[in-house]
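Each remark here refers to the structure printed beneath this line.
The values are calculated or read from the model by the stated rules, or taken from the named source; none is laboratory data. Please read all numbers here as calculations on a predicted model, not as lab measurements. Because the Cβ atoms are built from the backbone with ideal geometry, glycine has one as well, and the counts that use them run over all protein chains shown. Accessible surface is based on the protein model in full, side chains and every heavy atom, while ligands, DNA and RNA are left aside. Shrake-Rupley method; radii C 1.70, N 1.55, O 1.52, S 1.80 Å.
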Amino acid sequence: MIYFDNSSTTSVRPEVLHVYEQVLETVCGNPDSLHQAGRKARTLMEESRKNIARLLGVKPSEIIFTGCASESNTMAIIGYAMANINRGRHILVSNAEHPSVRHAAEALAELDFDVEFLPINDQGIVTPECVRQHMKTDTILVSCMHVNNEMGAINPIGEIADVVHTHPTCVFHADCVQSFSKIDVPFDRLDMATISAHKIHGLKGSGLLMKKQKLKMVPIIQGGQQENGLRGGTSNAPANIALAKTIRLALEEQKETYRKIEQINQYLRRELAKIPGAMINSPDDALPYILNIGFDQMTSEVLLNALDAKGICVSAKSTCSSHSANESEVLKAMGKSKKASTHMIRLSFGKDNTMDEAVQFIKTVKEILNAYGLSL
């Protein structure tokens, strides 16, 4: 099997699994319990928080453990907006965000917040100037992902943050799920940022929200003192402890893995350009880990299923939107044709992918096109 769907999820590193299993076997206490077993769990979890904070260059109190990136995004957008409603009601969100961000913004609109969706340009990004033009006196929150999960387009979040911070009552949140440990994230310039463990060879059901200490927020999950009162419920100590190992290993391999993936991406772009009817939708300067392509001759669903039958796993659109309408909203927002938006697939690469797999992919695509009676 060739697995080119790492933006959906990744395999779990053996080292991370080992830590997780060890904690499950030896740490049984609730981190909020006052007895010895509870204190042990809490000590290990807080050590993990400190290690993560050091790796990100932030304070331990600014790391909030969550169950996933969707929870982190929801907490950032709804939790912050509801806590700061007295400062304003205007929210800016790009029109090419992950469903968890978009749906959180839509939920705020139902609560009479003034939610505005920023357009992306034909390269799939939101420009700082676009943000500047849409800011209002009562704008309190701007949210824009770092790397688009369908196209790999890289938003200039550092520059966007600078624009946001010229406004005294506004903060900036970035969904960094697809960028973290692949390219550098400017945590020092962000007010809130989202990370997911299972996108970087960690555990599913594990994520975090980096929230600067000064920010006020109301809890989305009520009922407890956990995470400074922002997330009720028994802490998942084993997953939170394993997250530090996940992040450290991912960052240690960032440069080496990037060079390897860049070579795979460049090879695929060159070979695809030789195939009649092939479309490369990702911008030239996109993150190399994501390559959005298509063929005039085959719809997304047909091509995805044909590749699956050959043992190659890819996706069409973001996995969280994979069962919705066939058209890619991101490609439509970029001004691409209806055909492009219904004939695309996403290849996404990880540390375990090889050049041999890329060569096999090109060979298989040609075989599929020939099998369907499509000339090359």
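Restricted to the stretch 241-296, and to residues that are charged (D, E, K, R), more than 29 Å from residue 16 (Cβ to Cβ) and in contact with a Lys or Arg (Cβ under 9 Å, 6 or more places away or on another chain), which residue is modelled with the highest pLDDT?
284
Report every pair of residues separated by at least 6 positions or lying on different chains whose Cβ atoms are under 8 Å apart, first residue within the stretch 279-302 and crowded, with 22+ Cβ neighbours inside 10 Å, second part of a helix (DSSP H, G or I) and among the β-branched types (Val, Ile, Thr).
288/261; 288/264; 289/261; 295/365; 300/342
Return a yes/no flag: does the stretch 221-229 have any residue that is touching an Asp or Glu at 6+ places or on another chain (Cβ under 9 Å) and at pLDDT 95 or above. Walk me through it before giving the result.
Step one: of the stretch 221-229, the residues touching an Asp or Glu at 6+ places or on another chain (Cβ under 9 Å) are 221, 224-226.
Adding the requirement that they be at pLDDT 95 or above leaves none.
No: the stretch 221-229 contains no residue that is touching an Asp or Glu at 6+ places or on another chain (Cβ under 9 Å) and at pLDDT 95 or above.
Enumerate the pairs (first residue in the stretch 68-93 and over 22 Å from residue 222 (Cβ atoms); second residue anywhere and modelled with pLDDT of 95 or more and of a type in the set (Ser, Thr, Tyr)) with beta-carbon separation below 8 Å, excluding pairs fewer than 6 apart on the same chain, so at least 6 apart or on different chains.
88/137; 88/139; 90/139; 91/139; 91/143; 92/139; 92/143; 93/143
Looking at the stretch 21-74 only, could you name the residues that are open to solvent by less than 10 Å² (accessible area, probe 1.4 Å), of a type in the set (A, V, I, L, M, F, W, C) and farther than 18 Å from residue 248 by Cα?
Within the stretch 21-74, 41 is the sole residue that qualifies.
Kindly list the number of the only condition in (1) crowded, with 17+ Cβ neighbours inside 10 Å; (2) in contact with an Asp or Glu (Cβ under 9 Å, 6 or more places away or on another chain) that fails for residue 136.
Condition (1) is where residue 136 drops out.
Which one is modelled with the highest pLDDT, of the residues in the stretch 298-325 that are under 21 Å from the mean Cα position of the chain (by Cα) and among the polar types (S, T, N, Q)?
Top of the filtered list is 315.
Sort through 277, 294, 311 and tell me the only one that's of a type in the set (Gly, Ala, Ser), within 30 Å of residue 339 (Cβ to Cβ) and touching an Asp or Glu at 6+ places or on another chain (Cβ under 7 Å).
Going through 277, 294, 311 in turn, the sole match is 277.
Considering only the stretch 119-148, how many residues are closer than 14 Å to residue 174 by Cα and assigned to a strand (DSSP E or B)?
4
Filter the stretch 342-361 down to residues that are more than 16 Å from residue 5 (Cα to Cα) and not in a loop (DSSP other than H, G, I, E, B) and give me whichever is modelled with the lowest pLDDT. I'd like the intermediate steps shown before the answer.
As a first pass, look at the stretch 342-361 and keep what is more than 16 Å from residue 5 (Cα to Cα): 342-343, 356, 359.
Applying the additional criterion that residues be not in a loop (DSSP other than H, G, I, E, B) yields 342, 356, 359.
Values: 342: 92, 356: 98, 359: 98.
The qualifying residue modelled with the lowest pLDDT is 342.
Exactly one of these conditions fails for residue 120: (1) hydrophobic (A, V, I, L, M, F, W, C); (2) farther than 22 Å from residue 210 by Cα; (3) in contact with a Cys (Cβ under 6 Å, 6 or more places away or on another chain). Give me its number.
The single condition residue 120 does not satisfy is (3).
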